[in-house]
Amino acid sequence: MLAKKSDSRSGRKMRRSLNGRILRNTTFNILVLVAVCCVIMAFSMQSLANSILLDSLQPMARQSAKTVEANIHMLADRMMVIAGDSRMSIAGIGDGAAPADSDTESVKEGWEAVLVEAAEIYEFHTIALYDLNGSLVQGIDGAPESLESGFLALLQETDNLTTHASTVFQDELGITMGMPVKEDGETAFYVVGVYKYDALNDVLNSINIGKNGMAYMVNREGIVTGHPDQSKVMDKNTLLELSGGNEEAIKSVTTGETGATEFVIDGQHMLVAFSPIRGTQWALVIQVPKSDYNSLINGAMVAAGVCTLVMLLISILLILKMARSISKPVKNVTSRMISLSDGDLHTEVTHVQSGDELEIMTSTLTNTIESVNRYISDIRQVLNGVADGNLQIEPQVEYKGDFTLIRSSLGTILQSMNETILGFQAAATRLASMAEELSGQSGQLHQASLEQNQATEALVGEVSHVKEQLADVAKSSDQARVMTGEITRRVQEANTQMTALSNAMNDISSNAQEITTIAKAIDDIAFQTSILALNASVEAAHAGSAGKGFAVVAEEVKDLAGKSAQAAKTAVEIVENTRAVIQTGVKLNVSTAESLKAINSVSIDISEISDQLVAAVQGQESALISMEERIETISSIADRNLQNAGGTSQSSGLLAKEAEELHVQVKKFALKEEYDK
């Protein structure tokens, strides 16, 4: 029992504390929440950063484009100043034809003076004057002999300041700009200058976006016209190469749109904003790697993570404090419940004044233990009363809820025990009556068995007497056969012997009659014994398990009675046969007495008759021997009947004693029926 109790306690031992479970679950939930929030925050910050950068890069691109545009306008103003110089007058030349007089030379000198001054002041690579067909009229520093057809066509089309789409001039970088020179409102010449690239390069280099951000320009054909890396301009790299093949971005840039997008170049994500430069065929593109801003985003995320971990630590401490305030009362309640499961109904429950479910739980546990104590005390009182034999006792405590089943069960048990004890009382009374009746029948059976035994002994004596007489008959028959030859001489002696023989036959007949009477008496005794055994079997069946032993005895008596009846019947048959033989012998003796006068003539017949008589006597002797054996069997059966009758009488006495003892035991119980009576 101790080992089992120890095992049950160890099985109820807490493998995990409530503190640990609350702390682990809360920490896990917070960590999951923090992780989810961090992931969401990371994606949100990335998306927000992209959106903010793209939104900020777009106006920056427009502003930078305006800056470039302003510089271009400044260069255009210079070209307009040059074109509007009075020394650029074409008077005396007329429609660009060959000079007709000496004034033509002075005009050309004036043009040259203007071009030289402009080259010195405005940092031109070269500047020249071209006619309407694009042929060189006046130029300095290696001006080309003719204008590019496309640029010329654009000049003719716009008839205003025009900037060349390309910034490559004779293996150098420069900004080619053309301005019509008008005379009386009509275009007479085109002044074309190639500004040094420094003016544009300074503007592009001044646009600083991030650590690795840059600005560059492309024309409507997607060819790079300005780039911090001048080799890309010289090599005429295309926007397709710089954008990693992003055709949608190329289309947006080359069609003069303003916008922002993102694409990947050599595995690196780029944020790109673009805007057209008014007055030119160029578009400004600002390109910033996302990695320049990811460090800021990552720093912000790290800072947020550190703050989150600090708050997590503080939360864990607060949760631990709260968990302890919960787990301590719960642990006390759990320990008390374990003690309750081990049978401890007396230890008090530690109360908690928390005003919440813990206080309700402890007060409820206290009430439960008190209720269980009351119920167990009432049940113990009822069981003690039952143990003392008081079946009138009833539960005194009011049972509540499902405990009412205990009260109803106690009532059912008491009622069942009352009914059972009443049944025992009735059975004890019936058993005592049956034992008394069985005792009387056993006495009768004993007396009948005794009489049967005495009759059997008398029958044995008679049979012995008959046997002796038959021996005498046999002896006389032998003498008659021996003395047959002397019949004549000894007729008187024969008459005497015949008289004796007749008397013996009469005695035998009388004895046979008595044997028949005795056999009938045995048959009557066997019948009565059978009836008595049948009654005993019926009474034993009524007695139930208490009469099983007596039922076996009754069955044996019945069997012996049957055998006695059969033996008596056999004895009667033998006696009847013997009587018939004796009657025949008497008749023969009478015949012999009547024929003594003729004995000489019939001596042979007498000898034969004597032989038959000897044979008959021998048969009678054999029959008597068999009958003697049968009578001995009947005698042994009668002895057993007598013994069984004695055992039955003793068993009935014991049965009566047991019935009386059962009645005494049942009387110890105080029953409701008796109480009511």
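The values are calculated or read from the model by the stated rules, or taken from the named source; none is laboratory data. All figures in this text were calculated on a predicted structure; none of them were measured in a lab. Cβ: placed from backbone, ideal geometry, glycine included. Neighbour counts: every protein chain shown.
Quick notes on this one:
Yes or no, residue by residue, for (1) at pLDDT 85 or above; (2) assigned to a helix (DSSP H, G or I); (3) surrounded by fewer than 20 Cβ atoms within 10 Å (Cβ to Cβ); (4) not assigned by TED's automatic domain parsing to the domain that holds residue 53:
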site: 270; (1), (2), (3), (4): no, no, no, no
site: 275; (1), (2), (3), (4): yes, no, no, no
site: 280; (1), (2), (3), (4): no, no, no, no
site: 285; (1), (2), (3), (4): yes, no, no, no
site: 301; (1), (2), (3), (4): no, yes, yes, yes
site: 306; (1), (2), (3), (4): no, yes, yes, yes
site: 317; (1), (2), (3), (4): no, yes, yes, yes
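- Selection count where residues are surrounded by fewer than 18 Cβ atoms within 10 Å (Cβ to Cβ) and either among the polar types (S, T, N, Q) or touching a helix residue (DSSP H, G or I) at 6+ places or on another chain (Cβ under 8 Å) (or both), scope the stretch 538-550: 5
- Within the stretch 138-157, the set of residues being surrounded by 13 or more Cβ atoms within 10 Å (Cβ to Cβ) and of a type in the set (D, E, K, R) comprises 141, 148.
Quick grid of which residues meet (1) outside the structural domain of residue 273 (by TED's automatic domain parsing); (2) modelled with pLDDT under 75; (3) surrounded by 12 or more Cβ atoms within 10 Å (Cβ to Cβ); (4) over 34 Å from the mean Cα position of the chain (by Cα):
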| position | (1), (2), (3), (4) |
| --- | --- |
| 17 | yes, yes, yes, no |
| 26 | yes, no, yes, no |
| 32 | yes, no, no, no |
| 39 | yes, no, no, yes |
| 51 | no, yes, no, yes |
| 57 | no, no, yes, yes |
| 60 | no, no, yes, yes |
| 63 | no, no, yes, yes |
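- The strands (runs of 3 or more DSSP E) falling completely within the stretch 123-226 that include 3 or more residues that are more than 30 Å from residue 269 (Cβ to Cβ) and modelled with pLDDT of 85 or more map to 124-130, 136-139, 172-183, 186-196.
- Qualifying residue in the stretch 354-370 (condition: assigned to a loop (DSSP other than H, G, I, E, B) and either surrounded by 14 or more Cβ atoms within 10 Å (Cβ to Cβ) or of a type in the set (Val, Ile, Thr) (or both)): yes
- Subset of the stretch 561-587 (residues that are among the aliphatic types (A, V, I, L, M) and over 10 Å from residue 533 (Cα atoms)): 565, 567, 568, 571, 572, 574, 575, 580, 581, 582, 586
- For the stretch 237-253, a residue qualifies if it is touching a Ser or Thr at 6+ places or on another chain (Cβ under 8 Å) and exposed (fewer than 15 other Cβ atoms within 10 Å of the Cβ), and exactly one does: 248.
- Against the criterion of being surrounded by 12 or more Cβ atoms within 10 Å (Cβ to Cβ) and modelled with pLDDT of 85 or more, residue 45 does not qualify.
- Exactly one residue out of 211, 232, 251 is of a type in the set (D, E, K, R), assigned by TED's automatic domain parsing to the domain that holds residue 288, under 23 Å from residue 289 (Cα atoms) and in contact with an Asp or Glu (Cβ under 6 Å, 6 or more places away or on another chain): that is 211.
- Qualifying residue in the stretch 113-130 (condition: over 23 Å from residue 72 (Cβ atoms) and among the charged types (D, E, K, R)): no
- Of all residue pairs spaced 6 or more apart or on separate chains, those with beta-carbon atoms under 8 Å, a first member in the stretch 556-573 that is among the acidic types (Asp, Glu) and a second member that is assigned to a helix (DSSP H, G or I) are 556/640; 556/644.
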